[in-house]
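Here the structure is laid out as structure tokens; the discussion comes afterwards.
The values are calculated or read from the model by the stated rules, or taken from the named source; none is laboratory data. Nothing here was measured: the structure is a model prediction, and the numbers come from that model. Here the Cβ positions follow ideal geometry from the backbone for every residue, glycine too, while neighbour counts run over all protein chains shown.
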Amino acid sequence: MTRAEIIDGKLFAERLRAEIGRQVVRLREEHLVTPGLAVILVGEDPASQVYVRNKAHQARGASMASFEYRLPHNVPQENLLELIARLNADPAVHGILVQLPLPPQVDTDRVINAIRPDKDIDGFHPVNAGALATGGDALVPCTPLGCLMLLKHRLGELAGLRAVVLGRSNIVGKPMASLLLREHCTVTIAHSKTRDLADECRRADILVAAVGRPRMVPGDWIKPGATVIDVGINRIETPDGKGRLVGDVDFDSAVQVAGSITPVPGGVGPMTIACLLLNTLEAACRQLDLPVPSGLMETAWG
Ligand code: GUN
């Protein structure tokens with residue numbers, strides 16, 4: 001059996017970020033505008049701290065303005081809502097991201113609903129989720145958008161392909177299914193209550209795994225030649241105590257069967273942040289009534 005092609009999300013994301021950076025510089029030179037991203041972190045969760053630091057760092061790397069807000073884990077909900085209201089009204093801020101998960105005293109839905117939909121660069125607000133589901137103009141959640149870019153880069157036309165999305169979260173599974181449907185795939189969303197999960201997966205030309213269970217999908221669930229997108233980022237214990245990151249797919253067996261596959265790390269993860277910057281650029285252009293740069297993905301890949 002030949003080994004699958006490894007889809008290099010890290011390289012793709014680097015090129016996309018560089019192209020976004022060029023567009024940001026052009027926006028500043030031609031329209032005197034700098035897209036601004038505000039990131040809010042509540043609490044001290046180590047993984048969230050790393051994500052937030054990366055997001056702010058890469059926004060600056062793409063010549064954007066970056067604003068970071070760190071609030072204590074016991075912050076009253078009202079203070080967080082007040083901060084969001086202030087950022088909603090701030091013309092220097094074009095995108096607002098509240099890092100999830102939030103502590104229990106905060107109602108996550110209320111927080112998401114408080115973000116102005118045109119600054120909701122996560123694409124989580126019901127206005128954006130609804131627009132995506134009904135085929136309207138939406139800010140699209142970053143992880144599924146990154147997955148779609150990798151799929152289109154690898155496969156070109158997706159129409160008519162059978163796609164199975166494992167996982168039904170609002171952040172990945174549902175928007176991923178909407179995006180694939182928009183590309184005219186035949187889409188199945190599978191989840192923990194799905195009967196014959198392995199058989200469903202074996203029918204997929206495109207398999208997107210987003211369940212958060214380390215190495216749950218073995219190679220013999222994969223159709224030979226399928227394209228496999230692994231969204232999972234799971235830390236597992238190792239004998240040396242250092243731990244290591246693995247996906248939702250058992251890479252070693254899957255790589256023997258699939259036609260192409262994203263690795264973990266270095267696959268979907270870097271694309272998520274690149275798409276966050278893309279959404280911030282798009283949000284800035286829309287707020288200022290400027291044309292949204294098109295063809296960024298094609299230019300990025302060259
Ligand atoms: N926590 C884990 N993933 C995400 C994401 O995509 N956006 C936000 N805001 N928080 C997250």
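Remarks
- Residue in the stretch 180-187 that is hydroxyl-bearing (Ser, Thr, Tyr), at pLDDT below 95 and more than 16 Å from the ligand (Cβ to nearest atom) present: no
- Test result for ALA190, crowded, with 18+ Cβ neighbours inside 10 Å, in contact with a Lys or Arg (Cβ under 9 Å, 6 or more places away or on another chain), of a type in the set (A, V, I, L, M) and without any contact (Cβ under 8 Å) to a residue 40 or more places away in the chain: yes
- Residues that are touching a residue at least 24 places away in the same chain (Cβ under 8 Å), buried (at least 17 other Cβ atoms within 10 Å of the Cβ), closer than 22 Å to ASP90 by Cα and out of contact with any Gly (no Cβ under 8 Å at 6 or more places or on another chain), drawn from the stretch 41-70: LEU41, VAL42, VAL52, LYS55, GLN58, ALA59, TYR69
- Count of residues meeting criterion [away from the ligand (no atom under 15 Å from the Cβ), over 30 Å from ASP220 (Cα atoms), touching a Lys or Arg at 6+ places or on another chain (Cβ under 7 Å) and modelled with pLDDT of 95 or more] in the stretch 250-302: 0
- Subset of the stretch 78-125 that is surrounded by 16 or more Cβ atoms within 10 Å (Cβ to Cβ) and of a type in the set (Asp, Glu) - its residue that is nearest to the ligand (Cβ to nearest atom): ASP122
- Residues that are of a type in the set (A, V, I, L, M, F, W, C), outside any helix (DSSP H, G or I) and away from the ligand (no atom under 13 Å from the Cβ) were ranked within the stretch 164-179; the one that is farthest from ALA210 (Cα to Cα) is VAL164.
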